[in-house]
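The values are calculated or read from the model by the stated rules, or taken from the named source; none is laboratory data. None of these values were measured; they are calculated from a predicted model. Note that each Cβ is placed from the backbone with ideal geometry, even for glycine, and that neighbours are counted across all protein chains shown. Heads up: the accessible areas ignore ligands, DNA and RNA and are worked out on the full protein's heavy atoms, side chains in. Shrake-Rupley method; radii C 1.70, N 1.55, O 1.52, S 1.80 Å.
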Amino acid sequence: QVQLVESGGGLVQPGGSLRLSCAASGITFSIYTMGWYRQAPGKQRELVASITTGGITNYADSVKGRFTISRDNAKNSVYLQMNSLKPEDTAVYYCDARLNRYLYWGQGTQVTVSS
């Protein structure tokens, strides 16, 4: 059974930082491209960042320079370091794992940026 479990969300003030984690089980983690997506109320889910098996990263323009995605294959985990957070970063954040036609999602973790 494949499981992706996100953690690390919460309430943070504008300008603050959070580190999200996603622990995977049931897959050969190292061969999957991993990603972080987010969905704000009333909006479509959007890609935040992704990282390939070779460590190539891709970021949404809105988070470039503020967010960093990384992975630890030994721990079957992917991380999203979020700095200089803005109110518009408020959303449910999801991690995904994809390989060809295989696609798995976590249950999401809420991030709220508010003073």
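Structure above, values below:
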read-out	value
Portion, in percent, of the accessible area of region 38-108 that falls on carbon or sulfur, probe 1.4 Å	47
Average accessible area per residue (Å²) across the chain - probe 1.4 Å, nucleic acids and ligands excluded	53
Nearby aspartates and glutamates by direct alpha-carbon distance to residue 43 (threshold 20 angstrom, same-chain neighbours under 8 apart not counted)	61, 88, 89, 96
Computed E for residue 39/residue 74 - FRET, C-beta separation, R0 35 angstrom, nearest 0.05	0.70
In Hz, Karplus ³J(HN,Hα) per residue of region 15-20 (6.51, -1.76, 1.60; θ = phi - 60°; x = Gly, Pro)	x, x, 10, 9, 10, 8
